[in-house]
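J.: Okay, here's the structure, questions in a sec.
What follows is calculated from the coordinates using simple rules that are stated; it is not laboratory data. No experiment lies behind these values; they were computed from the predicted model shown. Here Cβ is always computed from backbone atoms with ideal geometry, including for glycine, and neighbour counts include all displayed protein chains.
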């Protein structure tokens, strides 16, 4: 049976994890490669690196981080942030990323989704959508971390992304992000039911119940979280045990250590 | 032991290279027929589109050498597209022709009530647990899949593992020394490395 995926997300700037993590057994809790290895040990199903570096000369640093992570970790890796062109995608994929996520670049030029899918296959292209509730009861797509609204409706944009060739949607609620009050379940469910590609829920996780809710009520195929894992509140194994107890199919964390 | 890794420009080549390096089995990248000289075991990893893979292999003049390699039953591991391409043809891109080493065709998952691609960790049902490729694995190992198409072999006897995603499909095959997997051992953490090591040391 296909299991639901638990995906830790590391925000990286200038080759460092933003605000670091609190993994006590790491030599350097701000080193993205060490953090990635720790998550692999814990049994994470995938990993997302979000490059929040603003300058383009630091992009090379991110490529190095991806290369080293791919050497050490043998699990799927998605890289997002600052990917604008097919060449940017190729650079990250050749460095060892399995998927690349596009956000603003796809809003500015939707064809980049189709170009990426044609060049590397739909399974490589993740469409990241930052959505915020509006007054008319739907959701508007935002850019720049929720500061700038676009004229796109989040549900329509998700459907269009799928039609263009996105293989997956990484859906972040800008209302929920950072609140620790849980995912925007209505948004997640609406998008998940509107498309035929996997949806990763993101934004707002504070408890393990939130992960479960995202997968059941939100109908997400995967759940992404950052702070609850980075700050040692919960391990991946604890999360999986909790979800398993709720009857949700997950890959047991110990499956990693059987050989 | 010389392992050749066919490089036709797919993005996941380095993942396989990294995984082989981790298990102490360095490999050589094969971009043209001459580089096959001295190779004992061949791996064709592949992601992307079936048609592109076929035309790229032909452009690099690797198509005929590959057909010969398979006809002579020399050790081969196909991953994802490297599995699908063993069959006669694919529904993807108007029925592109494959290597035809195995009879059958490659079809797409029905999308009516399934998310496609089939993406994530799923369990294998091992048809023949004593197959050397599965040595040291638990009964129902979790491995990583990401694909929209899958092969339907005509001969049931070649299927070495099944997987369920809405329907039951052939997740791995073996015929002689030709083995292939729809999942990605190079992305399946410790169990995946075990499978690669089993192929390398078979």
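J.: Taking every residue in A:66-75, how many Cβ atoms of other protein chains lie within 10 Å of its Cβ, on average?
T.: Details: counts 0, 2, 0, 1, 7, 7, 2, 5, 18, 9.
Mean shielding by partner chains, rounded to a whole number: 5.
J.: Report the Cα centroid-to-centroid distance between the stretch A:177-194 and the stretch A:96-126 in angstrom, as an integer.
T.: Each part reduced to its Cα centre gives a spacing of 23 Å.
J.: Using just the helices of the protein assembly as shown, give the 222 nm mean residue ellipticity in deg cm²/dmol: DSSP H runs with n ≥ 4 each add -39,500 (n - 2.57), and the total is spread over all residues, rounded to 500.
T.: Numbers: 15 runs with 140 residues, N = 461.
One gets -8500 deg cm²/dmol as the mean residue ellipticity at 222 nm.
J.: For the stretch A:18-94, go through all pairs of different Cα atoms, get the mean of 1/r, take its inverse, and jot down that Kirkwood value in Å. Don't skip to the answer; put the middle values down first.
T.: Numbers: mean 1/r = 0.0761 Å⁻¹.
For the stretch A:18-94, inverting the mean 1/r across all distinct Cα pairs yields 13.1 Å.
J.: Using a 10 Å cut-off around each Cβ of peptide B:118-127, what is the average number of partner chain Cβ atoms that fall inside? Intermediate values should be presented prior to the final figure.
T.: Working: counts 3, 12, 11, 13, 5, 6, 0, 0, 0, 0.
The mean count of partner-chain Cβ atoms within 10 Å per residue comes to 5.
J.: In nm², what is the average projected area of the convex hull enclosing the Cα atoms of the protein assembly as shown? Walk me through the numbers on the way to the answer.
T.: On the way: hull surface 81.2 nm².
It is 20.3 nm².
J.: Taking the simple approach of a point 7 Å from Cα along Cα-to-Cβ for both residue B:167 and residue B:97, what is their distance in nm?
T.: Once both label points are built, they end up 2.6 nm from each other.
J.: Taking N as the number of residues in the stretch B:115-202, what is its alpha-carbon radius of gyration divided by 2.2 N^0.38 Å? If you can, show how the numbers build up before the last one.
T.: Working: Rg = 12.1 Å, N = 88, 2.2 N^0.38 = 12.1 Å.
Normalised Cα radius of gyration, the stretch B:115-202: 1.00.
J.: A further question on this structure: Please express the Cα-Cα pair-distance distribution P(r) of chain A as a list of whole percents, one per 5 Å bin, running from 0 to the bin with the greatest distance.
T.: 1, 6, 14, 18, 21, 18, 13, 6, 2, 0, 0
J.: Still on this structure, please answer the following. Pop the C-beta distance of residue B:72 and residue B:23 into the FRET formula with R0 = 22 Å and round what comes out to the nearest 0.05.
T.: On the way: r = 26 Å, r/R0 = 1.18.
Result of the calculation: an efficiency of 0.25.
J.: Hey, in the GNM for chain B with a 10 angstrom Cα cutoff, which one of B:155, B:186, B:17 fluctuates hardest?
T.: The residue with the greatest mean-square fluctuation here is B:155.
J.: Same structure again: Let me confirm one metric for peptide B:184-194, namely the mean number of other chain beta-carbon atoms within 10 Å of its residues' beta-carbons.
T.: On the way: counts 4, 1, 4, 7, 5, 14, 7, 5, 2, 2, 2.
Mean shielding count: 5.
J.: Could I ask something else about it? Can you pull the percent of Cα pairs in chain B with separation above 32 Å? Provide the component values of the computation, followed by the final result.
T.: Values: 1508 of 20301 pairs.
In whole percent, the long-distance tail amounts to 7.
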